[in-house]
Structure formats: structure tokens, C-alpha cells
Amino acid sequence: GRGVITEEDFYNTFIKDEIERYCMNAFPTICEEFLNLANDREYLPIQFIRYGEWVGKSGTVHMIAQDKERNFLFGICNLHKGPLKLEEYHRFLQISKETHLSYDYLYLFSLDGFEDAVLDEIDDASNIYLVDRSDLQ
């Protein structure tokens, strides 16, 4: 007789990884939407008039937004499961340097939050904003 595949087996085999990959691919779009809504409501430290994604050799700044005074806001999304790790944060800073622009404000998005080491390093930097799952709901 042929084995019957349970719904759970089917989900775990064919869907689970794809859903996670799909959600992570969609995450920058969600972050962009968050920043656009916040901008429309004037919740951000700048009122941006234009924005775009920047793709470099070693990574992506998911959103670079600029106001009319040429202040820059960068938005970067953690595309991995789990809290944002310190080395990943450092990689983001490196990628940001490659843009040859300097951000006035940095928004870091991570669904599962941020490792303590990241929180310790950012400490009370007044121009870095951390956004996790609870902020996006």
C-alpha cells in the first residue's frame, strides 16, 4: 500500500520553507510601506520627497529617502530569521558606506528583534530607530 501523506508532512515538505522565503522577499516591501505611511503622517524625523533602493556589490540599502534639505534616511531590513546579529549590523554599516552618502537617520527593521550586542552598541544613538514585529502590526 501507498503511504498517506499527512497535511503536516505536506506543509513541512512543500510549503514551510517557501513561505519563509516568500515572506523574507516581501519584507522590504512591508518596510517601505511602513516608512511611506509614517512619512505621510509626518511621524518621521524628516519629511521625505523621494526615495529608492540602492543595490551595491556587497548588499542592498532597501530604502534611501531624502527630504528637500538633502537630509537622508536609510531603511535596512534584516532578511534572516531570528534577532539581528551584531555582525549583520556591522555589514549594514559597511554597505551604507558604499553608497557614498551618509545617513542622518537609520531605520533598522528586524521581525524578530535585535541581539543585546546590537542594542548595546546602538545604545542611545538618537538617529537610529529599531523596528520589530510589534511595531509593524
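Results for (1) in contact (Cβ under 8 Å) with a residue 12 or more places away in the chain; (2) among the hydroxyl-bearing types (Ser, Thr, Tyr); (3) within 19 Å of residue 63 (Cβ to Cβ); (4) part of a loop (DSSP other than H, G, I, E, B), shown as yes or no for each residue.
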| site | (1), (2), (3), (4) |
| --- | --- |
| 89 | yes, yes, yes, no |
| 94 | yes, no, yes, no |
| 97 | no, no, yes, no |
| 100 | no, no, yes, yes |
| 103 | yes, yes, yes, yes |
| 107 | yes, yes, yes, no |
| 112 | yes, no, no, yes |
| 118 | yes, no, no, no |
| 134 | no, yes, no, no |
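Are any residues in the stretch 11-35 modelled with pLDDT of 85 or more and not β-branched (Val, Ile, Thr), and if so, which ones?
Once the filter is applied, which keeps residues that are modelled with pLDDT of 85 or more and not β-branched (Val, Ile, Thr), the stretch 11-35 yields 26, 27, 28, 31, 32, 33, 34, 35.
For the stretch 56-84, name all the residues that are polar (S, T, N, Q) and not in a strand (DSSP E or B).
58, 71, 78
Considering only the stretch 91-122, how many residues are open to solvent by 60 Å² or more (accessible area, probe 1.4 Å) and closer than 24 Å to residue 20 by Cα?
Residues flagged as open to solvent by 60 Å² or more (accessible area, probe 1.4 Å) and closer than 24 Å to residue 20 by Cα within the stretch 91-122 amount to 3.
Looking at the stretch 49-90 only, could you name the residues that are among the charged types (D, E, K, R), in contact with a helix residue (DSSP H, G or I) (Cβ under 9 Å, 6 or more places away or on another chain) and buried (at least 16 other Cβ atoms within 10 Å of the Cβ)?
Those that are among the charged types (D, E, K, R), in contact with a helix residue (DSSP H, G or I) (Cβ under 9 Å, 6 or more places away or on another chain) and buried (at least 16 other Cβ atoms within 10 Å of the Cβ): 85, 88.
Quick test for you: out of 125, 117, 65, pick the one residue that is small (Gly, Ala, Ser) and within 15 Å of the chain's Cα centre (by Cα).
65
The values are calculated or read from the model by the stated rules, or taken from the named source; none is laboratory data. The shown structure was predicted, so the numbers you read here are calculated from the model rather than taken from an experiment. Note that each Cβ is placed from the backbone with ideal geometry, even for glycine, and that neighbours are counted across all protein chains shown. To get the accessible areas, we keep the full protein, side chains included, count just its heavy atoms, and leave off ligands, DNA and RNA. Shrake-Rupley method; radii C 1.70, N 1.55, O 1.52, S 1.80 Å.
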